[in-house]
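K.L.:
Attaching a single structure in structure tokens format; questions to follow.
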Amino acid sequence: MSKQKIVVVGNGMVGHKFIDTLVNDTKGDQYEITTFSEEPRLAYDRVQLSAYFSGSTAEDLAMTTPQYYDERGVRYLLNDKVTGIDKAAKTITTEKGDVESYDKLILATGSYPFVPPIPGNDQPHCLVYRTIEDLEAMTASAKQSRIGVVVGGGLLGLEAANALKNLGLEVHVVEFAPRLMAVQLDEAGGNLLRSKIEALGVQVHTGKATQNIVDGQDNRYRMEFADGTHLETDMILFSAGIRPQDELARQFDLDIGERGGIVINNECQTSDPDIYAIGECALWNNRIFGLVAPGYSMAKVAVSHLTGGDDTFEGADMSTKLKLLGVEVGSIGDAHGNTQGSLSYVYSNGAEQIYKRLIVSADNKKLLGAVMVGDTSDYGTLLPIMLTGMDLPSNPETLILPVSDGEAGGMGVDALPDEAQICSCLDVTKGDLIESIHAGNQTVADLKSCTGAGTGCGGCAAMVGQVLNAELEKMGVEVNNNICAHFDYSRQELFDIVRTKKYTSFQQLLSDHGQGHGCEICKPAVASMLATQWNEYVLKDEHLPLQDTNDVFLGNMQKDGTYSIVPRMAAGEVTPEGLIVIGEIARDYNLYTKLTGGQRIDLFGAQLHELPPIWKRLVDAGFETGHAYGKSLRTVKSCVGSTWCRYGMLDSVSMAILLEMRYKGMRTPHKVKMAVSGCTRECAEAQSKDVGVIATDKGWNLYLCGNGGMRPRHADLFATDLDDETLIKYIDRFYMFYCHTADRLQRTSVWMENLEGGLDYLKDVIINDKLGICDNLEEDMSRVIDTYECEWKKTIESPERLKRFAHFINSDAPDENLAYVEERGQRRPASEAEKRGFPGGEQAIPAIELVD
Amino acid sequence: MSDSWISVCDESVLIPDTGICAKVGNEHVAIFKVAGSGELFAISNVCPFGKASVLSRGLIGETNGALYVASPLLKQRFRLNDGVCLDDDEVTIATYPVRVTEGQVEVAA
């Protein structure tokens, strides 16, 4: 049997979804698929388009690759637009003149940005925001512009405003309607969103109808409004909504809606049964769906119908939750209360700038809709209640009122049915989570990586935790977070014991509160707590047995048992004299030399007996230990900042030095890193650090709990426009709260994700002092800062301590197993095979005399 | 073997629950003193997984009453009394008799 020929017009997200679903269908091999795109590349993620400005490339955004299509026999023709359909002959023709026959034709032509018919809207710096090419044009235009105006205050418009802000422009939003996001928000919500966005430096002009775009006096253009006012700008970005791309259907006589859109039935067929339309070009029940999720549903329905299935499209919920310019906004169902007889509950918090409204049925029993601005933490609870039509509690207002300590908030997760969606980003239901818990994923982190829940916007993380705890309780699982077999306590509990009972030694703690002899888990963990709390010299006899080898020898052990050395170089600043000393030491001891990612220098291959003389020279030259070996503050990376940089807003280097000198030596549950950027271009990559600080024109923005490494995570914006004093106060509190409550070897990112209440809770603790502990946190931090001493300086001053710095206790001979080969002008450890080639036991490097 | 005891250091050099490395003939020997009991153990200093002479620099731990050292390289655990690797029962490292005579630590090898 010959294969059915499928032609897909348009290779956007929905067109690709159709192809991907069809080729992966069990009947996928019965079809021969060809797809056309007028764009120069295959499908990419338009939803994440703004990520392009924060460093994502076209490849990062790509949803498929030519290889993927090739391997599955999908033909693709880029840069070629389909311009004709012959329904009788069942062929299409393209701009380039190709003719292709089809058995079934799929129109996935998407939409185009609506540009209001304003005279002057076709000038060079008048742009739209939809494709990667549009973004490239925006970037190019931004380079020649100071001010940018976005026309349209809807969801897309505000995203575009964020993009312009990231490009460094002064941004204005011009909206025709009297408020922002008029579709999703009510008046009070829209007003609050406006004031929050204006506080971020974006100027909002509502109720403005642009009549003319003419040459400006001070800037490139002047926009003249119907009310007689005007606004000058250098570029204009139209983001005033979308229109279905239905040109082909119009020309070739498929049914079209009154206001556009290709009419489809529940099977996604157009008025010609061999032609389907899916995504934003399709009109179902007189509605266009401008979100990707309904488009995906249509793609699945079309595949199902094609392959003999019986799926139908039944509309889609248009509820949304998102972060616009850092402001949380949520809208569920009937957000305007248009339903006959509906009632409202409103919560408004002026101090914290939060607005929430519930819209319920006339009988007070069903949830119809909701609006949230400034806090969308209830979204995950409310949406399933609305979607499943479950009964509301007798006092529905508890669903949006703040929960005080110890009180169960609103309805517990227990009340939700299994089909309730917990993670709306990745469509994970309560039932999915429960299944995964029973399959053995019994921590929040495991649940996230297994089901994906909480890995989108992260707003449901607290709910995931609640589902987990409730289910574990039902299963009768006792949740054991004991640190190891020697203590029946979690790290947090042990730290509380150490603090309140003022323990200063492991042995005493073990004999009073533990059992056995201890192990390589609890010993370093307790050593770290003691160091955070009392900051005693880590090589004291009673602490020495607790430390990992890196802390014992104040260096980083490498694969052959030698150590690497990292002097502190606060903020990456170093004098030429300092560099020369380091260079001389590296030369004299033949140390492999490499720059680290944290803006300092790592010297590899020092043997135990070489460490003290090397450090004597470093300390004499004014260097201090860099704690690269410790679970402690590593570096504060910085860009050069306002002292040299043309774009710098504040002196990032001085701030980075201040922070590094403040927190150096502080022992933490895991290593921590910081960075300070002098402007929004973020050259110091602060958003990938545990603590990131970025200068603005009004002060410092503080980002927390980012990390690179195995599981990268962008830091969350914690507070904005801080002065120096407040910034340091928040960081003091943050670090000490982390030290007191984190698990062992838990990075700040995972710690925060596991905190019930997440980022909002952290804000409550650190900014609002919800727990009333901030004074203690600051006091504990000031003790750490006041008792700092350079461990290497103290060590080289103590002959008793230096005895341990030798390979053998009874011989001056070095370790004869060490062998090196030269590579690119430096040495590296020889491989096992290379070692076998060395003449028996001969040393590859000269021994170096101990200096005193 | 008792005729080949070799003195390696003064007992006071050993800090409880830490190790040192001694050169005994051509062998690298890790010697540990256990806190509390003061018991001594001697095993090969070479980690058979990392193939480096480092075990004296590992942490001492206890599981179900058995004392072990965890390699500072990749944390494999070796029982102090018989050299058996607790994470891979195919692997055993050498152990050596060790004692204190007149304040001197002695190893037989």
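K.L.:
Given the C-alpha centroids of region A:677-702 and region A:534-558, what is the distance between them in whole angstrom?
P.N.:
Taking the Cα centre of region A:534-558 as reference, the centre of region A:677-702 is 33 Å away.
K.L.:
Which residues, if any, in region A:551-581 lose at least 50 square angstrom of accessible heavy-atom surface (probe 1.4 Å) when the other protein chains sit next to their chain rather than the chain being alone?
P.N.:
Listed in order, they are A:Met557.
K.L.:
Now for a separate question. Hey, what D do you get for region A:622-685 in µm²/s if you plug the Kirkwood alpha-carbon radius into Stokes-Einstein at 4 °C and 1.567 mPa s?
P.N.:
D = 106 µm²/s.
K.L.:
Got a sec? Which residues of region A:796-823 lose 30 Å² or more of accessible surface with every protein chain in place, vs. that chain alone, 1.4 Å probe?
P.N.:
Buried-area filter returns A:Arg804, A:His807, A:Phe808, A:Ile809, A:Asn810, A:Glu816, A:Asn817.
K.L.:
Which of the aspartates and glutamates could be linked to A:Lys430 by a straight reach, that is with a Cα gap under 17 Å, when you skip same-chain ones fewer than 8 residues away?
P.N.:
Once the sequence-local aspartates and glutamates are set aside, what remains near A:Lys430 is A:Asp378, A:Asp414, A:Asp418, A:Glu419, A:Asp446, A:Glu471, A:Glu473.
K.L.:
Rounded, prolate or oblate: pick one for region B:22-96, where a ≥ b ≥ c are the square roots of the eigenvalues of its C-alpha gyration tensor, a/c under 1.5 means rounded, and failing that, prolate if a/b is larger than b/c, else oblate.
P.N.:
Oblate.
K.L.:
Now, a different point. Which length gain, in nm to one decimal place, applies between A:Thr593 and A:Glu32 when the Cα-Cα distance is subtracted from 0.36 nm times their residue separation?
P.N.:
Contour length minus the Cα-Cα distance gives 196.2 nm.
K.L.:
In whole Å, what are the Cα extents of the protein assembly as shown along the three principal axes, biggest one first?
P.N.:
Taking the Cα atoms of the protein assembly as shown, the three principal extents are 106, 68, 63 Å.
K.L.:
Once each part is reduced to its C-alpha centroid, what is the distance from region A:199-216 to region A:236-271 in angstrom?
P.N.:
30 Å
K.L.:
Sticking with this one: In square angstrom, what is the accessible area per residue of chain A with a 1.4 angstrom probe?
P.N.:
43 Å²
K.L.:
Of all DSSP beta bridges in chain A, what percent run antiparallel (nearest 5)?
P.N.:
Here the antiparallel bridges make up roughly 65 percent for chain A.
K.L.:
Counting only protein heavy atoms and a 1.4 Å probe, tell me what percentage of chain B's accessible area is made up of carbon and sulfur.
P.N.:
46 percent
K.L.:
When the helices in the protein assembly as shown are scored as -39500 (n - 2.57) per DSSP H run of 4 or longer and the sum is shared across all residues, what 222 nm value do you end up with, to the nearest 500 deg cm²/dmol?
P.N.:
Counting only the DSSP helices, I get -7500 deg cm²/dmol.
K.L.:
Which of rounded, prolate or oblate describes region A:316-368 when judged by the alpha-carbon gyration tensor and an a/c cut-off of 1.5?
P.N.:
It comes out oblate by the Cα gyration axes.
K.L.:
How big a patch of accessible area, both sides summed and in Å² to the nearest 100, lies buried between A and B at a 1.4 Å probe?
P.N.:
Chain pair A/B: roughly 2700 Å² of buried accessible area.
K.L.:
So which aspartates and glutamates pass the test for A:Lys3, namely a Cα distance under 19 Å, with those fewer than 8 places away in the same chain ruled out?
P.N.:
Counting by Cα, and skipping residues close in sequence, A:Lys3 has these aspartates and glutamates nearby: A:Asp20, A:Asp25, A:Asp29, A:Glu32, A:Asp70, A:Glu71, A:Glu100, A:Asp103, A:Asp274.
K.L.:
Around A:Gln353, under 10 Å between beta carbons, what's the net of Lys plus Arg minus Asp minus Glu among the other residues?
P.N.:
For residues surrounding A:Gln353, the net value is -1.
K.L.:
Hey, another quick one. Can you give the log10 of the normalised intensity I(q)/I(0) at q = 0.13, 0.17, 0.23, 0.28 Å⁻¹, computed with Debye over equal Cα scatterers of region A:495-542?
P.N.:
Once normalised to I(0) and log-transformed, intensities are -0.25, -0.44, -0.83, -1.22.
K.L.:
Just read off the accessible area of A:Cys705 with the full protein assembly in place, 1.4 Å probe, to the nearest 10 Å².
P.N.:
Number for this one is 0 Å².
K.L.:
Give the Debye-formula value of log10 I(q)/I(0) at each listed q (0.15, 0.17, 0.18, 0.22 Å⁻¹), with one equal scatterer per alpha carbon of region A:656-782, two decimals each.
P.N.:
With one equal scatterer per Cα and no solvent, log10 I(q)/I(0) is -0.64, -0.84, -0.96, -1.51.
K.L.:
Shape call for region B:1-64 from the C-alpha gyration tensor, a ≥ b ≥ c root eigenvalues: rounded (a/c under 1.5), prolate (a/b greater than b/c) or oblate?
P.N.:
It is oblate, given that a/c is not under 1.5 and a/b is not larger than b/c.
K.L.:
Taking a cut-off of 18 Å between Cα atoms, list the lysines near A:Lys366, but don't count ones fewer than 8 places away on the same chain.
P.N.:
The reachable lysines, counting only those whose Cα sits under 18 Å from A:Lys366, are A:Lys356.
K.L.:
Can you give the average number of partner chain beta-carbon atoms within 10 Å of each beta-carbon in peptide A:509-518, as a whole number?
P.N.:
Mean partner-chain Cβ count within 10 Å for A:509-518: 3.
K.L.:
How large, in percent, is the carbon and sulfur part of the accessible surface of chain A at a probe radius of 1.4 Å?
P.N.:
Summing carbon and sulfur atoms, their accessible area is 48 percent of the total for chain A.
The values are calculated or read from the model by the stated rules, or taken from the named source; none is laboratory data. These figures come from a predicted structure and were not determined experimentally. No Cβ is skipped: glycine too gets one built from the backbone with ideal geometry, and neighbour counts run over all protein chains shown. Heavy atoms of the whole protein, side chains included, go into the accessibility calculation; ligands, DNA and RNA do not. Shrake-Rupley method; radii C 1.70, N 1.55, O 1.52, S 1.80 Å.
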